[in-house]
Amino acid sequence: MIVKQSIYELAEKRILILDGAMGTMIQRHKLNEDDFRKGWFENHEQPLKGNNDLLSLTRPDIIKDIHKEYFNAGADIVETNTFSGTSIAQADYSLEKYAYDINYYGAKIAAEVASEFTERQPDKPRYVAGSIGPTNRTSSISPDVNDPGFRNVTFDELNLSYKEQIRGLIDGGCDLLLIETIFDTLNAKAALFAVQEIFKELNTSLPVMISGTITDASGRTLTGQTTEAFLISLSHFPILSIGLNCALGASDMQPYLKTLARKSDFLVSAHPNAGLPNEFGEYDETPEIMGDQIKSFLEDGLINIIGGCCGTTPDHIHTISQLANNYSPRKIAVA
């Protein structure tokens, strides 16, 4: 068994490469309803097509191949196929009771692939980040415009749901945890509280990455926080990195990354979209276009971890990986 180098040590030496979009790659397979049921949910009463997290159970071959493609493209870290793996998110499909399985098998598949690549190339260890999405509910904003005080989820409900997800990810073999696409910091705090509780219960600890999302040109999250406020509100937790993903393309994300790079005592990560979606909801930026934009992140020394979000593919990650090889990682200022 190969003991992988600490990711903290590796991050001091070079810029780390995160993978690209899971959903974009799944869409290429043109799957049908049966693919989301195979071996597990043949008799389930609701349509399941589009619930991509289920593919770790029903089509693990597809998920495994996607992880392999991203590692072959140069990724150091792949994310598990568990973005919507909480019982809260799975309630839309009446599949709450499968949340643990989704996370356990999602992590197990990615960990097996990472081990294969690490054994083949020990000088380039591969890591698995357990993807923890924001859920489809927000604890800071009412979903009812006529009742501003109403909430359709509580902090405790989020915490319990996240605990189940995190336990599955750890049991399945994750190296890191990635709380991502944060639009509501209170949701993220529930996830971090769950991380603390699970670490204590299991007597373990993993590096934790945090990534928020700027939702519009105002430069704020959905719940109104500026980038600096987002950073400050989560800096109490001993995280590996803080960063931004989704919603924006690389060029639009840069000003907010500059804020994180200037203010943060943690590593800084970014995984932007391949531009903004067109009228058909597709992403048009080629690897070359996206690479040119990300090059400015690298030249300005803003980044420690870089990858891609919606619309990005192994070709995008390969281009980004080749670029990053020519630059040094951002240095954390020592107070």
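Points worth noting:
- Above-threshold pairs, the threshold being 26 Å between Cα atoms, out of LYS4/LYS200; LYS30/LYS68; LYS38/LYS97; LYS68/LYS163; LYS38/LYS189; LYS97/LYS189: LYS68/LYS163; LYS38/LYS189
- Helix-only mean residue ellipticity at 222 nm for the chain, each DSSP H run of n ≥ 4 adding -39500 (n - 2.57), per residue, nearest 500: -13000 deg cm²/dmol
- A simple rule links phi to the HN-Hα coupling: the Karplus curve 6.51 cos²θ - 1.76 cosθ + 1.60 with θ = phi - 60°, which for region 266-278 gives 10, 4, 10, 10, 8, 9, x, 6, 7, x, 9, x, 7 Hz, with x for Gly and Pro.
- Ranking TYR256, ILE109, ILE232 by Cα position along the charge dipole of the chain, where only Lys, Arg, Asp and Glu carry charges on their C-beta atoms, puts ILE232 farthest toward the positive end.
- Anisotropy class of the chain from Cα gyration tensor, a/c 1.5 cut: rounded
- Magnitude of the charge dipole, region 179-309, Cβ model with Lys/Arg +1 and Asp/Glu -1, debye to 20: 620 debye
- Mean-position separation - Cα centroids, region 263-335 and region 147-220, in angstrom: 23 Å
All of the numbers you see were taken from the coordinates with simple rules; none came from a lab. Remember, predicted model here, so these are calculated numbers, not experimental data. Neighbour counts run over all protein chains shown; Cβ positions are idealised from the backbone, glycine included.
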